[in-house]
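Colleague: Provided herewith is a single structure, encoded as C-alpha cells, for subsequent inquiry.
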Amino acid sequence: MINVRTYRDEDYDAVKINLQEGGLFNDSVDTRETLRAKIQQTPDSILVATFNDQVVGNIYLIQDMWNSFIFRLAVRKDYRKRGIGSRLIEESERLLKEKGVRDVALFVRSDDRELIDYYEKRGYISMEKLHQCMYKEIKLNNR
C-alpha cells in the first residue's frame with residue numbers, strides 16, 4: 001500500500017537514493033542539513049511516499065506569495081509505474097490548494113519527452129514559448 005506523508009530527518013538516506021536513481025541529486029543542495037532546514041521552516045514542504053514502510057519516492061514543494069513549484073519528484077526505479085509519482089503530485093497539489101495557491105509550476109528538461117508526456121497527462125502545460133529558465137551558481141566566499 002502506498003502512503004504519502006511529510007518528510008522526517010530519518011528519511012534522508014532513502015530520499016538521497018531516490019534522487020540519485022533519478023539523476024537529480026545535487027551534493028550542495030540536497031544535503032541532510034539543507035533538508036532539515038527546509039522542513040523546519042516549512043514542515044510540509046517535502047513529502048515522501050512509502051510502500052510497506054520503505055521510502056520509495058519524494059517531492060519538494062517551493063512556495064511563497066508569488067510562486068509555487070514542484071521540485072525533485074523522484075521514485076525509486078523498482079517502484080516506478082505504480083502510481084507513486086502521481087500520488088505525490090496529487091498530495092502536493094492538495095496541500096498547495098489548501099494554502100490558497102491557484103497554480104503551480106515545475107521544471108523539466110526540454111529534451112526529456114517521456115517526462116514531458118508524464119506531466120502533460122497530469123494536466124501540466126508547456127510554457128516553453130513564454131519563458132526560458134536560466135541558471136547561475138553563486139559561490140560563497142568560504143567555498
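The values are calculated or read from the model by the stated rules, or taken from the named source; none is laboratory data. Note that the structure is a prediction, hence the values are computed from the model and not measured. For neighbour counting, all protein chains shown are included, and Cβ atoms are generated from backbone atoms with ideal geometry for every residue, glycine included.
Colleague: I want to confirm something. Restricting to the stretch 42-66 and keeping residues that are surrounded by 13 or more Cβ atoms within 10 Å (Cβ to Cβ), within 18 Å of Asn3 (Cβ to Cβ) and out of contact with any Leu (no Cβ under 9 Å at 6 or more places or on another chain), which single residue is modelled with the lowest pLDDT?
Modeller: By that ranking, first place goes to Phe51.
Colleague: What are the residues in the stretch 60-109 that are among the hydrophobic types (A, V, I, L, M, F, W, C) and either over 20 Å from Ile125 (Cβ atoms) or more than 16 Å from the chain's Cα centre (by Cα) (or both), if any?
Modeller: Passing the criteria: Met65, Trp66, Ala74, Val75, Ile84, Leu95, Val101.
Colleague: Now, a different point. Could you please give the count of residues in the stretch 1-16 that are crowded, with 16+ Cβ neighbours inside 10 Å and under 20 Å from Asp78 (Cβ atoms)?
Modeller: Of the residues in that region, 7 qualify.
Residues checked against (1) in a loop (DSSP other than H, G, I, E, B); (2) modelled with pLDDT of 95 or more; (3) surrounded by 10 or more Cβ atoms within 10 Å (Cβ to Cβ); (4) of a type in the set (Gly, Ala, Ser):
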position	(1), (2), (3), (4)
Asp78	no, yes, no, no
Ile89	no, yes, yes, no
Leu96	no, no, yes, no
Ile116	no, no, yes, no
Gly123	yes, no, no, yes
Ser126	yes, no, yes, yes
Leu130	yes, no, no, no
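Colleague: Could you please let me know if Ile39 is crowded, with 20+ Cβ neighbours inside 10 Å, modelled with pLDDT of 95 or more and closer than 17 Å to Val4 by Cβ?
Modeller: Against the criterion (crowded, with 20+ Cβ neighbours inside 10 Å, modelled with pLDDT of 95 or more and closer than 17 Å to Val4 by Cβ), Ile39 does not qualify.
Colleague: Just to be sure I understand the filter: pairs with C-beta atoms under 9 Å, separated by 6 or more residues or on different chains, first member in the stretch 15-29 and within 13 Å of Leu88 (Cβ to Cβ), second member among the acidic types (Asp, Glu) and surrounded by fewer than 17 Cβ atoms within 10 Å (Cβ to Cβ). Which pairs pass?
Modeller: Pairs found: none.
Colleague: Which condition number does Met127 fail, the rest of (1) more than 23 Å from Val4 (Cα to Cα); (2) touching a residue at least 40 places away in the same chain (Cβ under 8 Å) being met?
Modeller: The number of the failed condition is (2).
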